[in-house]
Amino acid sequence: MANKAQLILEGKTYEFPITEGTEGEKGIEIGDLLEKTGAVTLDFGYKNTGATKSAITFLDGDKGILRYRGYSIEELAAKSTFLEVAYLLIFGELPMKDHLQKFSDDIRQHTMVHEDIKKILDGFPSTSHPMGVLASLFCAQTAFYPEAMDPNRSAEGVYLSIVRALAKMPTFAAWAYKNAMGHPVNYPDNKLDYCSRFLKMLYALPAEDYHVDPVVADALDKLLILHADHEQNCSTSTVRIVGSSKASIYSSISAGINALWGPLHGGANQEVILMLEEIRKDGGDTEKWINKAKDKNSGFRLMGFGHRVYKNFDPRAKIIKKAADDVLKKLGVNDPVLEIASKLEEVALRDSYFIERKLYPNVDFYSGIIYRALGIPVDMFTVMFAMGRLPGWIAQWKEMRENKEPIGRPRQIYVGQKLRSYVPIEKR
Ligand code: SDX
């Protein structure tokens, strides 16, 4: 019985076809399970459940492999640029020189946002977390581009929505930061490249002749590449399921920004730095904190460690750790928490608790150290993750829409009350 799985339920045998991916992954196709057997599957957190077939990103958690459209993350991080990787993820191939130039020019033409966005921004107190502001401003594009509410509009219309999303995300991100600082916002300087344009909007003060440090811009470009996509993670799955209802690209991605904000997902990079600072202030006793992370009653987790898919090193963590060393040296920054992070990693990786559970540093473990060296404030770390993940969210939304996938609607096993009659309040 080649390529079939058998299920025996209440004495009856059912067969289901097996699908095989490019790299040999196997999936049991159970699209008619309920109809055939009357039963559904139950898989909290979808740990064993494939939601789709995708040609965008391949992960091998055991071997620590990450590829975007077949290209290794190591090669892309070393040789490509963020906009080239964005083009690759969204359109499927590395661009020819003139195509990349047009893509970059089209994005440059749309970096400005409607002045009325400032009225929305002004409604947020300076105490607002930049992720909440970012999600709101990003979704507000539906107000200014109502034509984008139709995800099935023309290919040219979808391209324009994609270009606007990539062009305005850095502007929204920088404005969210300026709002938190109580500073006036900066407008995008279209003479600069993608990362330099963002950094100038983020850091320039009124009437200042601000010059972007190329070391900082290059480091940011590499970080955005490393965060650009990661197959069906929590926030990408959110973008897909919201998009499956035919919501617009802007509302789908705004939902993804909110999902990324959680401390177990993209919010971990902010939590890692707060954790490392707490350990430093506590005297830097890494053994003590490793023991706390192993104690279920402590409520403490080693943030930046562990991953749903990687049961080996997260390849991005290796690249970011090396980049952190390089950037701190180039900038002449000596960050004491880098040493604490390295010590934590060393102690954890020889501890049976972490070895048995295959808990390794993930992408968030070292990224905060670089962001801090680049002068990016902690509250903005997850905003940087969102900026990097944007092309992945776009690519996944586009693939789901082009494949005409059905609306996402999981089932459940009901464990509540059986039928009962209403009791008037005076008789309860
Ligand atoms: C990202 O999915 C993606 O691809 C995400 C991401 C992307 O690019 O989109 O890679 C980005 O989100 C990276 C992960 C960032 N989060 C953190 O660093 C937070 C700390 N890590 C975790 O909380 C945890 O490891 C998760 C959320 C990442 C994964 O959780 P799982 O797969 O649901 O695993 P689990 O929580 O069931 O843990 C399994 C065991 C448990 O112990 P036991 O019950 O078996 O005894 O491992 C333990 C957990 O207690 N464990 C940890 C731990 N992570 C898991 N113990 C201590 N410290 C940790 N960090």
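The values are calculated or read from the model by the stated rules, or taken from the named source; none is laboratory data. Keep in mind that what you see is a predicted model, and the values were worked out from it rather than measured. With ideal geometry, Cβ positions are generated from the backbone for all residues, glycine too; neighbour counts draw on all protein chains shown.
What the table shows:
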read-out	value
The one condition in (1) of a type in the set (Asp, Glu); (2) part of a helix (DSSP H, G or I); (3) within 14 Å of the ligand (Cβ to nearest atom) that Asp221 fails to fulfil	(3)
Scope the range 56-71; condition more than 16 Å from the ligand (Cβ to nearest atom) and not aromatic (Phe, Trp, Tyr); matching residues	Arg69, Gly70
Some residue of the range 354-374 being touching a residue at least 12 places away in the same chain (Cβ under 8 Å), surrounded by fewer than 20 Cβ atoms within 10 Å (Cβ to Cβ), more than 10 Å from the ligand (Cβ to nearest atom) and assigned by TED's automatic domain parsing to the domain that holds Tyr310	no
Which numbered condition Asn291 misses (of (1) farther than 18 Å from Gly392 by Cα; (2) buried (at least 23 other Cβ atoms within 10 Å of the Cβ); (3) touching a Ser or Thr at 6+ places or on another chain (Cβ under 9 Å))	(2)
Hey, Ala228 outside any helix (DSSP H, G or I), closer than 28 Å to Thr49 by Cβ, away from the ligand (no atom under 16 Å from the Cβ) and among the hydrophobic types (A, V, I, L, M, F, W, C) or not	no
Qualifying residues in the range 244-292 (those that are outside any helix (DSSP H, G or I) and within 10 Å of the ligand (Cβ to nearest atom)) - the one farthest from Ile340 (Cα to Cα)	Gly262
Single condition Trp397 does not satisfy, out of (1) closer than 19 Å to Tyr310 by Cβ; (2) away from the ligand (no atom under 13 Å from the Cβ); (3) of a type outside the set (Ser, Thr, Tyr)	(1)
Condition check for Val309: in contact with a strand residue (DSSP E or B) (Cβ under 7 Å, 6 or more places away or on another chain) and either in the same structural domain as Asn291 (by TED's automatic domain parsing) or at pLDDT 90 or above (or both)	yes
Residue satisfying all of: in the range 306-353; in a loop (DSSP other than H, G, I, E, B), closer than 19 Å to Ile279 by Cβ and charged (D, E, K, R); nearest to the ligand (Cβ to nearest atom) among these	Asp351
Residues of the range 54-81 satisfying the condition of being part of a loop (DSSP other than H, G, I, E, B), in contact (Cβ under 8 Å) with a residue 60 or more places away in the chain and either of a type in the set (D, E, K, R) or under 14 Å from Glu25 (Cα atoms) (or both)	Ser54, Ala55, Gly61, Asp62, Lys63
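Per-residue answers, yes or no, for (1) in contact (Cβ under 8 Å) with a residue 40 or more places away in the chain; (2) over 29 Å from Trp397 (Cβ atoms); (3) over 22 Å from the mean Cα position of the chain (by Cα):
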{"site": "Gly182", "(1), (2), (3)": "yes, yes, yes"}
{"site": "Lys191", "(1), (2), (3)": "no, yes, yes"}
{"site": "Met201", "(1), (2), (3)": "no, no, yes"}
{"site": "Pro214", "(1), (2), (3)": "no, yes, yes"}
{"site": "Ala228", "(1), (2), (3)": "yes, no, no"}
{"site": "Arg240", "(1), (2), (3)": "yes, no, no"}
{"site": "Gly243", "(1), (2), (3)": "yes, no, no"}
